[in-house]
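Report on the structure given below.
The values are calculated or read from the model by the stated rules, or taken from the named source; none is laboratory data. Computed from a prediction, not measured in an experiment: that's the story for all the values here. As a convention, Cβ positions derive from the backbone with ideal geometry for all residues, glycine included, and neighbour counts pool all protein chains shown.
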Amino acid sequence: MVKVREEHPIHDDGSVDLELWLERLQEQIEIKDIDAVRQACLYAQELKDLVEPGEDAWHNTSDSFIIGLEMAQILVELNQDQEAIIAGILYRSVREKKTTLDHIQRRFGKDIAKLIEGVLQMAAIGSRQNPRRENVLGQSGNPLDNVRKMLVSMIDDVRVVLVKIAERTCAIRGVKEGSRKKRYLVAREVFDVYAPLAHRLGIGHIKWELEDLSFRYLKPNDYKQIATLLDEKRLDRQQFIEDVLSIMNTELANVNIDGEVMGRAKHIYSIWRKMQNKNIDFSQVYDIRAVRILVPEIRDCYSVLGIVHGRWRNIPHEFDDYIASPKPNGYRSLHTAVFGPSGKVLEIQIRTYSMHEEAELGVCAHWLYKGTDTKSQSNSYEDKIAWLRQVLEWHEDLGGSEEFTDMITNDVTHDRVYVFTPDGHVVDMPVGSTPVDFAYRVHTEVGHRCRGAKVNGRIVPLTKQLATGDQVEILTANTEHPRRDWLNPNLGYINSARSRAKVQHWFKLQDKDKNAAAGRKIIEREFKRLALELPELNFGVMADQLNFKAPDDMYAALGAGDIRLSQVINAAQQQVEAEPHDEQLDLELPLSSGKAQGEYDGIKIRGVGNLLTSIASCCKPVPGDPIIGYITMGRGVSIHREDCTNAFQLREHEGERIIEVSWNEDAESTYPVDVFIEAFDRSGLLRDVMMVLANENINVLSANTQSDKKSNIAHLSMTIEVGRLELLGRIMDKINQVQNVTDVHRQRSGTN
């Protein structure tokens, strides 16, 4: 569940009782100079009324002083020092321009001013996609420089990241009072960037809170559903947990282990994610009932595990030893699920006190200041700092800040795969990584020379996604020459932002004229496939839309990998949409007030034309429920929940009138397009092409195949429904990867 914000002590008149707040602060953490903290609070309190807080992502009822106290409280919970706490207190005042960094430096010292400046520079994450947007320091400048400064601040002082995480935690806590749009924007940013960052740094309790609160605003219906189910079972679950606590306390006493047993908090997002990943119901989630056991030593963990499994039957495949094999962020614990009292499923986590402290505080549990004894730093801490330094290294190879979001979300992901080198060394990588990603992870030179790969001893395509346990061997050439196709996201050669950056960097070092020639060739080939006439398009306008002075600069950027082909296609499409066309596929037409084919009242009908739809009164499905359609006699299609009793009867007795339907979450008009495919004929060719279209949810209106026995060449003509040129290009790329296919292009009327 999400964390409830603690209220500050207040006087009878509603003002904050600062002395009592400071007294409570000193009970939680040792502060060398409490008067310095007091002066920071008084200064922030003095500044709060100078400027009215503007409309922003925070709740309007709060002020910079209150937010500063909240940030300070979070930093205290993270075991931060006096400087970080003062920076948290003053940060909001500087951000709202009620004071300046110069004033902060003169009054509170250079170190605190530098810390606040680093936090301000982290706003580059939010402004990275808008180069004209003024940053929080009042400087426009190059967005790449802003991001680089932010990264340097992060790496130089981890406290910068922690103050920023504290700020975003306050933001997501307080955004409830803002508009729906503001709630969504803050939640999206927190979920995509700061929750993964907190996870990577091992700050467990902050990570869970950020995920739960973000989930609350990103998917409110799912959040409310799970919260309601948790609340309905709360009393029964509470009694069950109390019984388990009593049993385990007795067991620990019997073996003289000085341990602590507690109920574990239920995190709504974790429950939802487990339901989605495993495709299970709420009742099948094992950690709805959960306890945590803390013990002094590692050997005690395994002793308690033996006691638990000896008393209750464990559930197969639900045991994880993160002590022997810690998670990438350093998390260590034993996890097991058993059939507890009365046969009810129970999850139990067992760890030492020190493991628990690190799971909750991560890097903050052993934060060291410059000049202290580095020998006491743990490997986990070094790993986290090494990761932050890697971020800067990756960024040096990026040609633009556009890739920054991908880098953060992909390379700080919760889920990893663990693969082996031929020598048996373990390499952890993001889920979805390919042999090309692996090659660049091993060494940049290996990636540049990669020409093939063996997985578990067998040669595989370079687009194969690796799985945990795979042994990967890279086949290399004598010369370095990555392929430009690797930069095409539709082909799936590279799924790691780091690998993409390395390939882009290599092409940037090549001659500009060669890159321009290669870029122009790429555009000509793609436009020919899409049946777009080059003379009809103004490349000068397209270059200007992409912030280039001339078309040659755009070609060179495409050839070097600085921009993606999809960006050029989108710019071309804007010209296509701006002019009237009589022929097929005006992609994309201006949105009209009418409904696209097969879409009525928020429901998309797959595989049929325009039919009347109605919601069944027996089960009243709502958006998000799994649904089916039933073709009635004279009343169109009736929409039922999949688990509706009437739906079961209809399936059994009139199954031929049941059709597949789905909620229209992404309404987009589609248009028929003729696609021509040429391939060397073989058995299963049409099946493989249709499989590509099915995987992309593309509707096929017609298909015709002709084979020439003499030349063994097959020609496939299809009419498919798509909504945008970019999607059409991606579909043709995927079809072109089907074995034996030699050519795929859009077919204009009367041509091949």
Q | From the options Arg237, Arg168, residue that is modelled with pLDDT of 85 or more, outside any loop (DSSP other than H, G, I, E, B) and among the charged types (D, E, K, R) | A | Arg168
(Q) Residues that are modelled with pLDDT under 80, at least 1 per element: which strands (runs of 3 or more DSSP E) completely within region 399-489 meet that? (A) 416-420, 426-430
**Q.** Residue check for Leu530: touching a residue at least 60 places away in the same chain (Cβ under 8 Å), outside the structural domain of Val692 (by TED's automatic domain parsing) and either closer than 27 Å to Asn570 by Cα or more than 31 Å from the chain's Cα centre (by Cα) (or both)
**A.** yes
Q: Among what's in region 279-294 and is in a helix (DSSP H, G or I) and touching a residue at least 24 places away in the same chain (Cβ under 8 Å), pick the residue that is surrounded by the fewest Cβ atoms within 10 Å (Cβ to Cβ).
A: Phe282
Q: Can you confirm whether region 384-396 contains a residue that is buried (at least 17 other Cβ atoms within 10 Å of the Cβ), modelled with pLDDT of 55 or more and closer than 20 Å to Pro296 by Cβ?
A: no
**Q.** Cβ-Cβ under 7 Å pairs, at least 6 apart or on other chains, region 253-278 side in contact (Cβ under 8 Å) with a residue 60 or more places away in the chain, far side polar (S, T, N, Q) and buried (at least 20 other Cβ atoms within 10 Å of the Cβ)
**A.** Arg264/Gln349
Q: Just give me the residues in region 462-513 being polar (S, T, N, Q) and under 21 Å from Ser566 (Cα atoms), in sequence order.
A: Thr463, Asn488, Asn490, Asn495, Ser496, Ser499, Gln504
Q. So which residues in region 177-203 are buried (at least 23 other Cβ atoms within 10 Å of the Cβ) and free of Cβ contacts under 8 Å to residues at least 24 places away in the same chain?
A. Ala195
Q.
Please verify whether Ile494 is outside any helix (DSSP H, G or I) and within 33 Å of the chain's Cα centre (by Cα), treating the condition exactly as stated.
A. yes
Q | Residue identified as modelled with pLDDT of 85 or more, in the same structural domain as Val193 (by TED's automatic domain parsing), surrounded by fewer than 19 Cβ atoms within 10 Å (Cβ to Cβ) and over 30 Å from Gln545 (Cα atoms) among Asp81, Asp49 | A | Asp81
Q: Considering every residue within region 310-318, establish whether at least one is within 13 Å of Met248 (Cβ to Cβ) and either in a loop (DSSP other than H, G, I, E, B) or of a type in the set (D, E, K, R) (or both).
A: yes
Q. In this structure, is Ile206 surrounded by 18 or more Cβ atoms within 10 Å (Cβ to Cβ), touching a residue at least 12 places away in the same chain (Cβ under 8 Å) and out of contact with any Lys or Arg (no Cβ under 8 Å at 6 or more places or on another chain)?
A. yes
Q. In region 119-132, is there at least one residue being buried (at least 19 other Cβ atoms within 10 Å of the Cβ) and at pLDDT 85 or above?
A. yes
**Q.** Residues located in region 440-461, provided they are buried (at least 18 other Cβ atoms within 10 Å of the Cβ), within 14 Å of Val503 (Cα to Cα) and free of Cβ contacts under 8 Å to residues at least 60 places away in the same chain
**A.** Arg441, Thr444, Gly447, His448, Arg449, Cys450
